[in-house]
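What follows is a short report on a single structure.
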Amino acid sequence: MNILSSFIGRIYVAERKIISTNAEVQEALNEAIDHRDEGIMIKDPDSIYKPGARPKSGWIKVKPDYQNLTDNCDLVIVGGYFSSGSKLKIGTLSHFLCAVKDGDTFRSFTRVSSGVSHKELYDLVEKLKPHMRPKPFTGNVKYGKEKPDMKIDPRKSVILEIRAAEITKSNTYDVGCTLRYKDFLYFNNVLADA
């Protein structure tokens, strides 16, 4: 008996399968990717959910790896979002809005937050602080539906090297698509306007 019912565009009740082999896990993950799901949860049927302790509770999240994307993407940071306080102090920038350069315009493409240590994040935020403000930079940045807490002048920003598993359609970002399952690998001191 389900407590919830699926409601298209709002609630999706995930399918439950009882499996026991690696091949069945791979098949379930492939089906999730085909349906554009984030991944799958593998659960010990006798386990009880413990918030913040999935691996120790018999629950494991499995997402696709990054081996299918042949190239990494170089993207410019044009905005930042404040932490909600779950892992970093409230008020700390914890994730970033990145854009592609299209002529003289920077067009939003994806948000990224994982793949960096606390020290690397601190260094990145310190580098960007002099170039941030809450109001948008007019003219050369197209944010789409995204509204970052802080806007960063792309001409004074840095370039992130990002890897991802796939590119998907999205009406949230100005370019009309975005990256899924992404991590940033590296940021450098090259200015986006260089």
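List of remarks:
- Scan of region 128-174 for residues that are of a type in the set (Asp, Glu) and open to solvent by 30 Å² or more (accessible area, probe 1.4 Å), ordered by number: Asp149, Glu161, Glu166, Asp174
- Residues that are polar (S, T, N, Q) and in contact with a strand residue (DSSP E or B) (Cβ under 8 Å, 6 or more places away or on another chain) were ranked within region 129-175; the one that is farthest from Asp104 (Cα to Cα) is Thr168.
- Residues that are surrounded by 13 or more Cβ atoms within 10 Å (Cβ to Cβ), modelled with pLDDT under 80 and among the aliphatic types (A, V, I, L, M), drawn from region 74-126: Leu88, Val116
The values are calculated or read from the model by the stated rules, or taken from the named source; none is laboratory data. Fair warning: this is a prediction, and the values are worked out from it, not measured in the lab. Because the Cβ atoms are built from the backbone with ideal geometry, glycine has one as well, and the counts that use them run over all protein chains shown. The protein model used for the area step is the full one, side chains on, heavy atoms only, and it has no ligands, DNA or RNA in it. Shrake-Rupley method; radii C 1.70, N 1.55, O 1.52, S 1.80 Å.
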